[in-house]
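Coordinate-derived values only; no laboratory data. Just so it is clear, the model here is predicted, and its values are computed rather than measured. Cβ sites come from the backbone with ideal geometry, for glycine too, and all protein chains shown count toward neighbours.
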Ligand code: MLT
């Protein structure tokens, strides 16, 4: 998969996995990594599905309606890519923390839903429930931040709460942060994620 790897100055810090929104690239979220954990190594991956020329991580049938077969396939593909990237760049596979926005947050949530130990934490900006009816792996103690907008037409407050319940039900430590806006990622949400991150990964 097309990606950027940046070696960080602190090998003990979590490695940040950056996952952009629909139509984005692997460069989009680099400033977020800088804000969350400037000493971390960064692996930023471009989605390899194209929707009218716009990169995404999996296909959708319509806005908010996912192609679940493709979601499963792409989640597996990304998880395997993470294994090979860890071997290639020599980082600790068990220390990956995803930072995703929108479609990127959805594939991050799908990694959490499908594969035990795929991520050791997640910052999910405007995620949806990626898939329903799955038994989630044990996510005991996995720190998850959900940034949501109370007027987000794509990720409704009900769906945000459903995702929160599903992750908590699997044992994750979830914090939900609300912004009084829509689907956009605001600087105050980024700031809230940074404050949360500092506390969640203080060791
Ligand atoms: C998705 O398709 O993952 C969601 O609708 C968010 C987005 O527009 O990317």
- prompt: Which number in (1) closer than 24 Å to residue 30 by Cα; (2) buried (at least 23 other Cβ atoms within 10 Å of the Cβ); (3) within 14 Å of the ligand (Cβ to nearest atom); (4) in contact (Cβ under 8 Å) with a residue 40 or more places away in the chain marks the one condition that residue 185 misses?
  reply: (2)
- request: Answer yes if at least one residue in region 148-166 is within 16 Å of the ligand (Cβ to nearest atom), crowded, with 23+ Cβ neighbours inside 10 Å and under 26 Å from residue 40 (Cα atoms), and no otherwise.
  value: yes
- line: Those strands (runs of 3 or more DSSP E) completely within region 29-114 that have 2 or more residues that are more than 26 Å from residue 141 (Cα to Cα) and within 12 Å of the ligand (Cβ to nearest atom) are 49-51, 54-56, 60-62
message: Going by what's in this entry, would residue 143 be described as within 16 Å of the ligand (Cβ to nearest atom) and without any contact (Cβ under 8 Å) to a residue 60 or more places away in the chain?
response: no
- request: Return only the number of the condition from (1) surrounded by fewer than 22 Cβ atoms within 10 Å (Cβ to Cβ); (2) touching a residue at least 12 places away in the same chain (Cβ under 8 Å) that residue 62 does not satisfy.
  value: (2)
query: Does residue 118 meet the test of being away from the ligand (no atom under 16 Å from the Cβ) and crowded, with 21+ Cβ neighbours inside 10 Å?
result: yes
Scan of region 122-139 for residues that are more than 20 Å from residue 158 (Cβ to Cβ) and either within 14 Å of the ligand (Cβ to nearest atom) or surrounded by 23 or more Cβ atoms within 10 Å (Cβ to Cβ) (or both), ordered by number: 122, 123, 139
- line: Taking region 12-28 and keeping only residues that are more than 10 Å from the ligand (Cβ to nearest atom) and either free of Cβ contacts under 8 Å to residues at least 24 places away in the same chain or touching a strand residue (DSSP E or B) at 6+ places or on another chain (Cβ under 8 Å) (or both), one is left with 12, 14, 15, 16, 17, 18, 19, 25, 26, 27, 28
